[in-house]
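*Asks:* This is the structure I have questions about; it appears just below.
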Amino acid sequence: MGNWIRCFHPAPDAGTRLVCFPHAGGSASAYHPLSAAVTGVVEPLVVQYPGRQERLGEPFAERAEEVVDAVLAALPGWADGEPTALFGHSMGALLAFETARRMTAEGRPPAALFVSGRQAPSLPWRPAAARLPVGEMSDLELVEDMRTLSGTADRLLSSPELLPLILPPVRADYRLLDEHVHRSGPPLDCPVIALTGDADPRVAVEKVRPWESETRGAFSCHVLTGGHFFLDGHLPYVAEVVASSLRGLSATRP
């Protein structure tokens, strides 16, 4: 599976794969707890973006299409119909969605799409007047934005030694989001399961529900307590949402 896919908890007999896409600035290790929680029900695979952890020094991805191309090229079996579900948080939800679109267009739609902490793709990822484009943000402004989302421990954001490692991938991923242009297309055929925090400072609940229009399949929306990184406090619940959704699909598959 090359540089792009990590498998922390192999479960080749599970029958369905779950491919997880990290948030902006995030790395594969962010999904280690969820991977452990769902293994056996699915085989969890995690995308590792370039420019972080063991891929430090590689050029960052500049376009969503670049990530989609690389992930599908690194994912054996999906083109042969091996059941594959997708899970993405924040920026990862957008990348998972674009991957689902590509899989559907090529005649092998995903078993399900889980989108977490992300407004519907037809909506702007951030209010135009709220912040400068990432290219115009100082390091201090970028740090303050990260503190708003509470996704990185404050002690890390206060460390002059660690900031040179933390900020470049965040800046690169924000630039990818700033430059991504949503293009309308046919709805997906797979179920879409949305999860969001009720106190997310960037993603209001009413901006999550329009995900329903992106599929002809079933849609559900789970609103949990917490902010943008609500997943950390609801791991058992989220794991059960994944498990029950995919068990249900397996039961209806001929």
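Just so you know, all these numbers are worked out from the coordinates, no wet-lab data involved. Because the structure is a prediction, the values reported are computed rather than measured. Cβ coordinates were reconstructed from backbone atoms using ideal geometry, including for glycine residues, and neighbour counts include every protein chain displayed.
*Asks:* For residue 194, what residues show an amide H to amide H distance below 5 Å, using hydrogens built from the backbone and excluding near sequence neighbours?
*Replies:* Result for residue 194 returns 115, 220, 221, 222.
*Asks:* Quote to one decimal, in nm, the extra length available between residue 79 and residue 139 on full extension: 0.36 nm per residue of separation minus the C-alpha distance between them.
*Replies:* Here the segment from residue 79 to residue 139 would lengthen by 17.4 nm.
*Asks:* What is the spin-label model distance, in nm, from residue 150 to residue 1 if the labels are put 7 Å beyond Cα along the C-beta direction?
*Replies:* Inter-label distance under the simple model: 3.1 nm.
*Asks:* Calculate, for residue 240 and residue 179, the FRET efficiency according to 1/(1 + (r/R0)^6) with r their C-beta to C-beta distance and R0 35 Å; round to the nearest 0.05.
*Replies:* After rounding, the FRET efficiency stands at 0.45.
*Asks:* Non-local amide H neighbours of residue 19 (under 5 Å, H modeled in plane, Pro and chain starts lacking H): which ones?
*Replies:* Distant-sequence amide H within range of residue 19: 45, 85, 86, 87.
*Asks:* Here's something else I'd like to know. Could you please rank 146, 137, placing first whichever residue has the fewest other Cβ atoms within 10 Å of its Cβ?
*Replies:* Placing the least packed residue first, the sequence is 137, 146.
*Asks:* If we count every other residue with Cβ under 14 angstrom of residue 71's Cβ, Lys/Arg +1 and Asp/Glu -1, where does the sum land?
*Replies:* Overall, the nearby charge balance is +2.
*Asks:* GNM on the chain, C-alpha springs below 10 Å: top fluctuator among 176, 34, 157?
*Replies:* Comparing 176, 34, 157 in the GNM, the peak value goes to 157.
*Asks:* Could you work out the longest stretch of the chain that avoids the trypsin sites (Lys or Arg not before Pro) located in DSSP loops with at most 16 other Cβ atoms within 10 Å?
*Replies:* 64-182
*Asks:* Can you put 219, 97 in order, fewest other beta carbons within 10 Å first?
*Replies:* If I rank by nearby Cβ atoms, fewest first, I get 219, 97.
*Asks:* DSSP loop GluC sites (Glu not before Pro) in segment 156-254 with at most 11 other Cβ atoms within 10 Å of their Cβ, which ones?
*Replies:* 161
*Asks:* Turning to a different aspect of this structure: Fewest Cβ neighbours within 10 Å first, please rank 20, 7 accordingly.
*Replies:* 7, 20
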